[in-house]
1. Taking the dipole about the Cα centre of the protein assembly as shown, with the C-beta of Lys and Arg at +1 and of Asp and Glu at -1, give me whichever of A:ALA349, B:THR31, B:PRO125 is farthest to the positive side.
2. Can you give the Rg and Dmax of segment A:187-227 based on its C-alpha atoms, in angstrom?
3. Considering amide H positions built from the backbone, and no H for Pro or chain starts, which residues 5 or more places from A:ILE284, or on another chain, come under 5 Å of its amide H?
4. About the Cα centre of segment A:199-319, how large is the charge dipole given +1 on each Lys and Arg Cβ and -1 on each Asp and Glu Cβ? Please answer in debye to the nearest 20.
5. Where both partners of a DSSP beta bridge lie in the protein assembly as shown, what percent of those bridges are antiparallel, to the nearest 5?
6. For the protein assembly as shown, what is the per residue volume of the convex hull drawn over the alpha-carbon atoms, in cubic angstrom?
7. How big is D, in µm² s⁻¹, for segment A:260-365 by Stokes-Einstein at 20 °C and 1.002 mPa s if Rh is the Kirkwood radius over C-alpha pairs?
8. Looking at segment A:296-336, which trypsin sites (Lys or Arg not before Pro) are in a loop (DSSP not H, G, I, E or B) and have at most 12 other Cβ atoms within 10 Å?
Amino acid sequence: MSTQIQASARDIDGPLLELEDVTTHFKTPRGVVRAVDGVSFSLDRGKALGIVGESGSGKTILSRSIMGLLPPRGTIRGGSIKFEGREIGNLDRKAMRSVWGKEMAMIFQDPMTSLNPVMKIGRQIAEPLQIHLGMTKQNALATAERLLQDVRIPEAKRRLEQYPHEMSGGMRQRVMIAIALACGPTALFADEPTTALDVTVQAQILDLLGEQRRDRNMSLVLVTHDLGVVAGHTDEIAVMYGGKLVEKASTKGLFANMKMPYTEALLNSIPKLEDRSHTRLNAIAGRPPDLVNPPKGCRFAPRCPYAVDKCVNEEPPLIATAEDPNHLYACWYPVGSEGYHEAKVRIAASKHATDALAATSAAGGN
Amino acid sequence: MAGTGKAHLRDSPDVLLRIEDLVVEFPVGRTGLKVNAVSGISLDVLKGETLGLVGESGCGKSTTGRAIMQLPRPTSGSVQFEGKELTAMQGDAMREARTRMQMIFQDPISSLNPRRKVRQIVMEPLNIWKRGTDAERAKKVDGILEEVGIDPVRAGESQPHQFSGGQCQRISIARSLVLDPSLIICDEPVSALDVSVQAQVLNLLEDLKAEYGLTLIFIAHDLAVVKNISDRVAVMYLGKICEVAPSDMLYEQPAHHYTSVLLNSIPVPDPEVAVTKTAIEGEPPSPVLPPPGCRFNPRCPAAQDICRSEEPQLRAVGEGHFVACHFPTITPVELTSR
């Protein structure tokens, strides 16, 4: 079964995935929702990329845009998505079928609803093997058993005959991974793969994904809201906010030298085990912007503690840091800059003033 | 893990809730087998305290929360709340008692009636109990909505689907507060929320607890979250209690091997910290046929013969720190006084 991709000359040396100015907008009764708004980046073969952001940041829509898994009606797509040098951004669903499974595969957050409840596990794994790789049923089932062993499911043979409801959430997510890996994809997209799972099982699943990526020299795109999850399991991180890419760097570079106040705020909002109990958490005030009418300047400005007039009025470009050309950020006054420190001093002063005022009024009340 | 024993229960006049030998079992079809969801646990909560309940899926933490509410009634054991025995309570007395304890659930959107206006949802408990005049009810509801950060005017016009997940959780919290309860059982209240919103809701719960003098039972699987909000934490495994300790102590010196496993599984947001190998293999066994002896023995790195035959009892290993393990990582101490 030679596919279009195999027939065309593969661009083996270049990056696996190249996005340029990708936009995904949805027409709704309220207006056009600018869910993904001009995102560009590239991903190399065998690398793991984490896409991080809150709900509504566009991270899921971006990964679905790349996979071509968006409803055709009401979706406005723009920009270019190249996979192995070939444009796939404009392909329709029928054409994407040759890409799904063998080139790109995806696993989802909820392992319960993404499996067919009335089909045995074995058949669900064997199906793509028969369709995409043209295997016989017998071969496909034998391969399915091997895949279940790969994803560390005990008693693989017996499991082939089971239905999804007979398995735990963690086991079902392993089955999803087995299905995604079945046709040997070059890139695997995992959208919040561990959010519905216990911490112990989350650690197991993340390790499993990392191990399979190395064994198969596969690229992995890990979409999550938890910086803790991506820290130990990715090479690069892209932070999204309000449909835009706001920071991108190597994982080590990002954690060592965060530039966007949003990335910093996201990290600081995670409760830390080292802190005493009842330590006040640093929540990010407010909510992500309405993407029908996004703020005209920096989209994070309304929630950013350091924002000044310029941030509200002018959109910051995505630029590289002085030290590292691969570390990109979009902020007028990045963490560590002079403007950032000035803002910190200003905030401290106003907080001091409020406290003093509160103290005076309290004293007045007595 | 065993967790029978009551060494950790306190003799204090401030005990708001005291559970003893709580057992919850569910029949498995007509097989005659049963799911041992909760197998004889004892716990107490003091007034104004926050008790965290942690464990993996299926450990019985949510069932415990529900059994306290008598939803459904426990198979056996006693639940004393504000000095009254709930398990024997019937009819109106039970309904009345439930106004004093409220619950917040994991999925904020599906726990609100999708067809009603948010302000109506929050006011409903007051209407049912005919508390105050219409004007008083309106004032109370608006006050609480303001308190949790929801605009009462918008709440009067909008339905739950017009709010985000974090806002819906705030609405659930407002609803749980209108009847002035003394105890709120929070069942995974922030698991479905983003980290940034999770921090907002946790801060809100802390503020409200201080303001209304609430006592909380906080059920979650994320230990970092539980540590942040709790004064005391009970770790559960397969229907039993493994370890009970003041929050900070549990994290500084976990005595049970299972607690260590849970702590080591939390992803650290720092790439410089070497990713430890999977802390534990496998998943908890079925609660239909739990392993004999310590229920954690099949997955425990330190298990020996005695763990497979004899169930460990809760023993003190420090001030207010109790563990049910034959070979805890901290040497048990003699109980001098309780």
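The values are calculated or read from the model by the stated rules, or taken from the named source; none is laboratory data. Only a predicted model underlies this, so the values are computations on that prediction, with no experimental measurement involved. Positions of Cβ are backbone-derived with ideal geometry, glycine not excepted, and every protein chain shown enters the neighbour counts. For the accessible areas, the whole protein counts, side chains as well, though only heavy atoms, and no ligand, DNA or RNA atoms are used. Shrake-Rupley method; radii C 1.70, N 1.55, O 1.52, S 1.80 Å.
1. B:THR31
2. In Å, with Rg to one decimal and Dmax whole: 10.2, 28.
3. Excluding prolines and chain starts, which carry no amide H, the hits are B:GLN200.
4. That gives segment A:199-319 a dipole magnitude of about 200 debye.
5. Working: 58 of 96 bridges.
If I count the DSSP bridges inside the protein assembly as shown, around 60 percent turn out antiparallel.
6. Values: hull volume 133.7 nm³, N = 704.
With only Cα atoms used, the protein assembly as shown gives 190 Å³ per residue.
7. On the way: Rh = 16.2 Å.
In µm²/s, the coefficient rounds to 132.
8. Numbers: sites: A:LYS296, A:ARG299, A:ARG303, A:LYS310; in loops: A:LYS296, A:ARG299.
Of the trypsin sites (Lys or Arg not before Pro), the ones in loops of segment A:296-336 whose Cβ has at most 12 other Cβ atoms within 10 Å are A:LYS296.
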